[in-house]
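**Q** Below you'll find the structure I mean.
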Amino acid sequence: MNKCTLVLTSVTYAYKAAGILAAEGMRAYPVKSPDVAKVRGCGYGVEVYGDREKALKLLAQSGINVLGAVDEGRRG
C-alpha cells in the first residue's frame, strides 16, 4: 500500500484532514515528523495510506491547503 505524508499549515489542519480522509474510508493519521519540517517549519502533517491523488482532491474540495507531500521512497 502506498504511503505518503501530506504537509499542512498547522496541527489543527492535520487533525481535520485526517478526519476528512477517514470519513472517506482512507487510513490517515496526524503526525509530527521531521520529514514535514523539512518542507515547512511547523512539522505537522497527515500520514496517508492509499491513493495520494484522491487524498489531495478530497482535501482541496474541503478547503484544506496542502503545502507539499513527502513520499515513502524519499525518506532518508
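The values are calculated or read from the model by the stated rules, or taken from the named source; none is laboratory data. Computed from a prediction, not measured in an experiment: that's the story for all the values here. Cβ placement follows ideal geometry from the backbone for every residue including glycine, while neighbour counts extend to all protein chains displayed.
**Q** Between residues in the stretch 49-74 that are polar (S, T, N, Q) and residues that are surrounded by 14 or more Cβ atoms within 10 Å (Cβ to Cβ) and assigned to a loop (DSSP other than H, G, I, E, B), which pairs lie under 9 Å by C-beta distance while being six or more apart or on different chains?
**A** Close Cβ pairs (under 9 Å, with a partner that is surrounded by 14 or more Cβ atoms within 10 Å (Cβ to Cβ) and assigned to a loop (DSSP other than H, G, I, E, B)) amount to ASN65/LEU8; ASN65/THR9.
**Q** In the stretch 1-17, which residues are of a type in the set (A, V, I, L, M) and over 13 Å from GLY50 (Cβ atoms)?
**A** VAL7, LEU8, VAL11, ALA14, ALA17 - these are the residues of the stretch 1-17 that are of a type in the set (A, V, I, L, M) and over 13 Å from GLY50 (Cβ atoms).
**Q** Are there strands (runs of 3 or more DSSP E) fully within the chain with at least 2 residues that are within 11 Å of the chain's Cα centre (by Cα), at pLDDT 90 or above and crowded, with 17+ Cβ neighbours inside 10 Å? List them.
**A** Per the criteria, 3-7, 27-32, 44-49.
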